[in-house]
1. Which one of 80, 73, 35 is over 30 Å from residue 217 (Cβ atoms) and out of contact with any Phe, Trp or Tyr (no Cβ under 6 Å at 6 or more places or on another chain)?
2. Which count do you get for residues in segment 165-182 that are more than 17 Å from the chain's Cα centre (by Cα) and either hydroxyl-bearing (Ser, Thr, Tyr) or part of a helix (DSSP H, G or I) (or both)?
3. Give 191, 195 a once-over and let me know the one that is surrounded by 23 or more Cβ atoms within 10 Å (Cβ to Cβ) and either in contact with a Pro (Cβ under 7 Å, 6 or more places away or on another chain) or closer than 21 Å to residue 109 by Cβ (or both).
4. Of the numbered conditions (1) open to solvent by less than 70 Å² (accessible area, probe 1.4 Å); (2) over 24 Å from residue 271 (Cβ atoms), residue 49 satisfies every one except a single condition; which is it?
5. Suppose we filter segment 146-179 for residues that are open to solvent by less than 10 Å² (accessible area, probe 1.4 Å) and in contact (Cβ under 8 Å) with a residue 40 or more places away in the chain; how many remain?
6. Does residue 66 fit the bill of being farther than 15 Å from residue 315 by Cα and buried (at least 17 other Cβ atoms within 10 Å of the Cβ)?
7. Mind telling me which of the residues 42, 62, 70 ends up being touching a strand residue (DSSP E or B) at 6+ places or on another chain (Cβ under 8 Å), of a type outside the set (Lys, Arg) and touching a residue at least 12 places away in the same chain (Cβ under 8 Å)?
8. Do you know which residues across segment 194-239 are touching a strand residue (DSSP E or B) at 6+ places or on another chain (Cβ under 7 Å), part of a loop (DSSP other than H, G, I, E, B) and aliphatic (A, V, I, L, M)?
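The values are calculated or read from the model by the stated rules, or taken from the named source; none is laboratory data. Keep in mind that what you see is a predicted model, and the values were worked out from it rather than measured. Cβ placement follows ideal geometry from the backbone for every residue including glycine, while neighbour counts extend to all protein chains displayed. Ligands, DNA and RNA are stripped out before the accessible areas are found, and what is left, the full protein with its side chains, is counted by its heavy atoms. Shrake-Rupley method; radii C 1.70, N 1.55, O 1.52, S 1.80 Å.
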Amino acid sequence: MGLIKNIVSGDMAEEKKKKETEKSKYDQALEKYNTNIDEAEVKAAVEKIIKEKVAENDTVDVKKFLLGSVELTSLHTTDTEEEILALTEKVNNFEHDYPDLPHVAAICVYPVFTELVAQSLEVDGVEITNVTGNFPSSQSRMEVKIAETKLAVADGATNIDIVLPVGKFLSGDYEGVCDDIQELKEACGDVPMKVILETCDLGSMSNIKKAALLSMYAGADYIKTSTGKEKQGATPEGVYVMCQAIKEYYDQTGIVIGLKPAGGINTVMDAVVLYTIVKEVLGEKWLTNELFRLGTSRLTNLLISEIKGSEIKYF
């Protein structure tokens, strides 16, 4: 019995050592970056950008750009096929009704509506974004997450948004976090994948940066702030830190990662502030509707109204 016990103990120790070694590669990746964020410094930096730079971006041209970066979103429990079809038809008709304005960047819906949107959408350049992987909690078996993602792609999704496994991240299981993201990225194939950090649940700016870096390290094509289903959405401070992470990751790897603020973008000025932060931290390179997206349902009409100078409720 003693020999068997020693063998089992030895195997367990070896397994523990192996896991520690495997985990260390994620810690080593994070060590390349400054993840000890001074939140007062972030707040001051954001306030300075808002005070000194936002006014110059409060223009019609910027608002047109923002309109063209919107992922027109409908993620309600009450969504029906008729409502999603009507939304898609409005996107189809928008170019005819407003030929001087850009169309939205994407329609974002649940996977159950993907085939309907794919069959009805007639506008070139408008992506079909799906939230998969047991959105918004990410709390499901990986087999279920992978199946849902693969089915969405098969049905015609051209962008996939998944949620970071926040529980695993908060427990320090960085290996599990990265494994989940990598597996879902494989399920996406060539379809770009956004990882939603759910920044309001991460507890600190340091954690936001760590989560952003791990997501990019694991294969995210974009990082996204929020599901819009939790207590808070995108904040200027959270977006600032995510931009810092994207910039530093680019400087280290040469890989360009996109950004999608979402949730809580309630006014045009909210969007202009986020645009300004991206411009100041990341630069003009990121100011395209491929690399900068806005996840929102209400902002579209507000942007059209401000551009046109009168209240318009088109969508």
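1. 80
2. Our first condition is that a residue be more than 17 Å from the chain's Cα centre (by Cα); within segment 165-182, this holds for 167-168, 170-176, 179.
In the following step, the residues that additionally are either hydroxyl-bearing (Ser, Thr, Tyr) or part of a helix (DSSP H, G or I) (or both) were identified as 167-168, 170-171, 174-176, 179.
Going through segment 165-182 one residue at a time, the tally reaches 8.
3. Details: 191 fails: surrounded by 23 or more Cβ atoms within 10 Å (Cβ to Cβ).
One residue alone meets the criteria, 195.
4. Here residue 49 clears every test but (2).
5. Number of matching residues: 9.
6. Numbers: farther than 15 Å from residue 315 by Cα: yes; buried (at least 17 other Cβ atoms within 10 Å of the Cβ): yes.
When the stated conditions are applied, residue 66 passes them.
7. 70
8. Within segment 194-239, 197, 220, 234 meet the criteria.
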